[in-house]
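In what follows, a single structure is set out as structure tokens and then discussed.
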């Protein structure tokens, strides 16, 4: 389904600007829609199918008919879809029984409406939401009507989580210890699910609560404990005089009910909550969303402490799809007509082993298992079509004949509670997969007793030997979503973890998540272990100074990037929806079977655009595997050094706040020394800010000006105060009229803010006169002819900034001299080329000047950029691209490929050969 979701996203984008004319576009629209699911005319999609309307007896045309499956009726944009649905239903009386569809689909090119005639359920969604709703039309591709990962199923799961959270709180409030409460609640969760999912006799658990426990709840704990003991006992080991209802419950096994527990005490209110839980349909939940259960129970503070961000199924598929699932799907498609190839795929799936060393509630393991079971079922159905006599039904029904088993899935989790939920979720998803098999084949493996899930280990993943969790294998896939904690957020124990993982005390700015990379590298360096690894990580690992620290040792061990998702918003599926900006990076060793896959996202979008570069580098763009390290001086001979602006060290006395404007402006002597004072915020947003710049002040002016005298005296007093411990600051008291640190250009200069908003396509820099004082929050470089302004205002510069620059905490682009500017690989150029860049920059300044009332923030609002300004930037880009050797309006990827190649060339003399910057601990798993 991952391929289908991608196709659905492309379909929506290709039709988003269509006028939506029924007569002209209906058939093309429907063909494109069905093509997403592999349905063509040769697969019995009938277009403009003639039929009579029951209500009038007149003839008409069905826009599209897939006999026995669906009827599609199109209307022009804005038309009533309910009326369109009525029209479609009006045709059904004229169809043969074998043609009668289960589904009625109507659309006006902007919206979709789906009617399930059997279930009598209607769903509606917008064209823009087609990707997230693509599963609803999965029947076109042969998927069952059960929609795993649907919005309804996720909503049901979150509701279920809240129910369980309230039960947990009741147990916790009664004084029941945390361990026992965790175990008891997981057992109750299983009983509720089994009651609705066909593992128990329907509603037998509900009947037990209603008829075998007292209304005041006094015996509820004891009765449940007895029931759970029975569920853990095989039929031959049970007492013969058991209550008839309890005796009807099956043997569960699987370790769910093994551990003896203290009997909990219940009240009438707690019993009522449990009965309310019975009213919910637990079979509708998605086991993959059970992270929300843990998140709903725990506090936000605890969630932050552990760095946990629970994972939507869409985000899980972003990792497991390109890691292994898509390749298996492609192999199935290629071998669709050859039973031998399909059998080989099943055998290969049986060899695969999976480890999530930060498994939380098991989401990655659950979705991975579910998708592989679904793929296996698809293969089984096809094998029966190819050779019914050989691949008869009964040969598949024994669980041991299935290639995908729970024993292939392993996890490590720090805390017991989510680990128990992970083990339970694996049981639930196994049962749902078995139900899907029954639905498709008419039979399937027995639901009970369960196999014990032995491979979810409770422990610190960084201090756990991973070889004790998963045995030697050459088909290992290590994956997951480790904690996101920057170097400023780590506690002492986590810092120790990081040092242990990398086997060094010099961990620098490494994020805590990189400890899992180190452990994966170490595991695969052990003879007998081979495979791939991929992690979700905060995007800081692929930005700025952090890149060499992580990727140098990864590349040194021979790993290359198989696939990557560039920065996107990672949203939790639980209430509160924690959001982080993440990347996903997948690694492989050896010769790649196909080109790398790179997924990129427009700002704020969750829809990925896929490309296939020759190589993905550490900055998650196409280019050579260079590592951009900080430099003291610019690499390019065309660029000067850059510095931060001035710092007053004045305790607020040389800067003028708005409240003091009237007083200062009224002093004619002080007014002579008043200067605009810009940081990045003032420059970008056209804000007034002033300072007193007294570099050439006449001593008599200080004496004769009350404002100057008062403020300068205040600076001297503040700098010489006993509380000032720094000697350099105290020494500044000798020159109280001057800024403490002065780095003010004396001619026209380039002013660069410390940060750029990601939403803008160009750097919001400016040329300023020497009378504008640059604060510490503005970088400066002398730029008498405007050449530097042209460079930084180009698309090539912004491509470099986006690729190698760091991000601020609120995800803005962060300008740094040492990494971004000093490594900008602008080659030597002719005088004519330099003049072309200067002229292009002048055109940009001229276009800005046409709107003097607008701030840079307004001028560069991507939704409202003036055409003249856009044209000027295009002219400038052509000049800069020409110097780089680029032509014909290159893409950002094209610019970056050239920039990284230029960087590699220009830094060849002192370029670090991908160093082993941090030793990996080969045996510390």
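The values are calculated or read from the model by the stated rules, or taken from the named source; none is laboratory data. Here the structure is a predicted model, which means the values were calculated and not measured. Please note: Cβ atoms are built from the backbone with ideal geometry, for glycine as well, and neighbour counts cover all protein chains shown.
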Self-check item: Criterion: assigned by TED's automatic domain parsing to the domain that holds residue 874 and either over 37 Å from the mean Cα position of the chain (by Cα) or surrounded by fewer than 22 Cβ atoms within 10 Å (Cβ to Cβ) (or both) - qualifying residue of 781, 765
Solution: 781
Quiz item: Does segment 227-240 contain any residue that is farther than 19 Å from residue 253 by Cβ and assigned to a helix (DSSP H, G or I)?
Solution: no
Quiz item: Taking into account only those residues within segment 520-553 that are part of a helix (DSSP H, G or I) and closer than 23 Å to residue 471 by Cα, which is nearest to the chain's Cα centre (by Cα)?
Solution: 520
Quiz item: Is it the case that some residue within segment 881-894 is part of a helix (DSSP H, G or I) and more than 34 Å from the chain's Cα centre (by Cα)?
Solution: yes
Quiz item: Which residues, counting only those in segment 78-88, are surrounded by 17 or more Cβ atoms within 10 Å (Cβ to Cβ) and more than 22 Å from residue 18 (Cβ to Cβ)?
Solution: none
Quiz item: Looking only at residues in segment 459-477 that are under 26 Å from the mean Cα position of the chain (by Cα) and free of Cβ contacts under 8 Å to residues at least 60 places away in the same chain, which one is surrounded by the most Cβ atoms within 10 Å (Cβ to Cβ)?
Solution: 462
Quiz item: Before we move on, is residue 729 in a helix (DSSP H, G or I) and either touching a helix residue (DSSP H, G or I) at 6+ places or on another chain (Cβ under 8 Å) or at pLDDT below 95 (or both)?
Solution: yes
Quiz item: Does segment 797-810 contain any residue that is over 30 Å from residue 624 (Cβ atoms), assigned by TED's automatic domain parsing to the domain that holds residue 902 and touching a residue at least 24 places away in the same chain (Cβ under 8 Å)?
Solution: no
Self-check item: The one condition in (1) under 20 Å from residue 420 (Cα atoms); (2) touching a strand residue (DSSP E or B) at 6+ places or on another chain (Cβ under 8 Å); (3) at pLDDT 85 or above that residue 256 fails to fulfil
Solution: (3)
Quiz item: Can we say residue 186 is part of a helix (DSSP H, G or I), touching a helix residue (DSSP H, G or I) at 6+ places or on another chain (Cβ under 8 Å), touching a residue at least 60 places away in the same chain (Cβ under 8 Å) and closer than 24 Å to residue 248 by Cβ?
Solution: yes
Quiz item: Which members of segment 821-833 meet the condition of being assigned to a helix (DSSP H, G or I) and either surrounded by fewer than 17 Cβ atoms within 10 Å (Cβ to Cβ) or at pLDDT below 95 (or both)?
Solution: 831, 832, 833
Quiz prompt | Single match in 857, 879, 828 (criterion: under 26 Å from residue 629 (Cβ atoms) and assigned by TED's automatic domain parsing to the domain that holds residue 635) | solution = 828
Quiz prompt | segment 32-51 - residue that is in contact with a strand residue (DSSP E or B) (Cβ under 9 Å, 6 or more places away or on another chain) and exposed (fewer than 15 other Cβ atoms within 10 Å of the Cβ) and, of those, modelled with the highest pLDDT | solution = 50
Exercise. Considering only segment 862-887, state which residues are surrounded by fewer than 15 Cβ atoms within 10 Å (Cβ to Cβ) and in contact (Cβ under 8 Å) with a residue 60 or more places away in the chain.
Key: 862
Quiz item: Across segment 587-612, which residue is modelled with the highest pLDDT among those that are part of a loop (DSSP other than H, G, I, E, B) and over 28 Å from residue 519 (Cβ atoms)?
Solution: 612
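Yes/no per residue for (1) assigned to a helix (DSSP H, G or I); (2) touching a residue at least 24 places away in the same chain (Cβ under 8 Å); (3) touching a strand residue (DSSP E or B) at 6+ places or on another chain (Cβ under 7 Å):
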site	(1), (2), (3)
493	yes, no, no
496	yes, no, no
501	yes, yes, no
504	no, yes, no
508	no, yes, no
518	yes, yes, no
Exercise. Kindly provide the set of residues from segment 798-818 that are assigned to a helix (DSSP H, G or I) and either touching a helix residue (DSSP H, G or I) at 6+ places or on another chain (Cβ under 6 Å) or closer than 20 Å to residue 894 by Cα (or both), ordered by number.
Key: 798, 799, 800, 801, 802, 803, 804
Exercise. Pick out the one residue from 544, 531, 558 that is touching a strand residue (DSSP E or B) at 6+ places or on another chain (Cβ under 6 Å), more than 30 Å from residue 593 (Cβ to Cβ) and in the same structural domain as residue 354 (by TED's automatic domain parsing).
Key: 544
Quiz item: Does residue 753 fit the bill of being modelled with pLDDT of 95 or more, over 27 Å from residue 814 (Cβ atoms) and in contact with a helix residue (DSSP H, G or I) (Cβ under 6 Å, 6 or more places away or on another chain)?
Solution: no
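I'd like to check which helices (runs of 4 or more DSSP H) are fully inside segment 616-725 and have at least 2 residues that are under 43 Å from the mean Cα position of the chain (by Cα), outside the structural domain of residue 553 (by TED's automatic domain parsing) and under 30 Å from residue 827 (Cβ atoms). Even if it seems obvious, please write down each step before you answer.
Values: elements: 661-665, 668-671, 680-685, 699-704, 706-719.
Helices (runs of 4 or more DSSP H) meeting the threshold: 680-685.
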Quiz item: Does any residue in segment 324-339 that is in the same structural domain as residue 375 (by TED's automatic domain parsing) and buried (at least 16 other Cβ atoms within 10 Å of the Cβ) come within less than 6 Å, Cβ to Cβ, of a residue that is modelled with pLDDT of 95 or more and not in a helix (DSSP H, G or I) six or more places away or on a different chain, and which pairs are these?
Solution: 324/477
Quiz item: Of the residues that make up segment 91-106, is at least one surrounded by fewer than 21 Cβ atoms within 10 Å (Cβ to Cβ) and on the phi > 0 side of the Ramachandran plot?
Solution: no
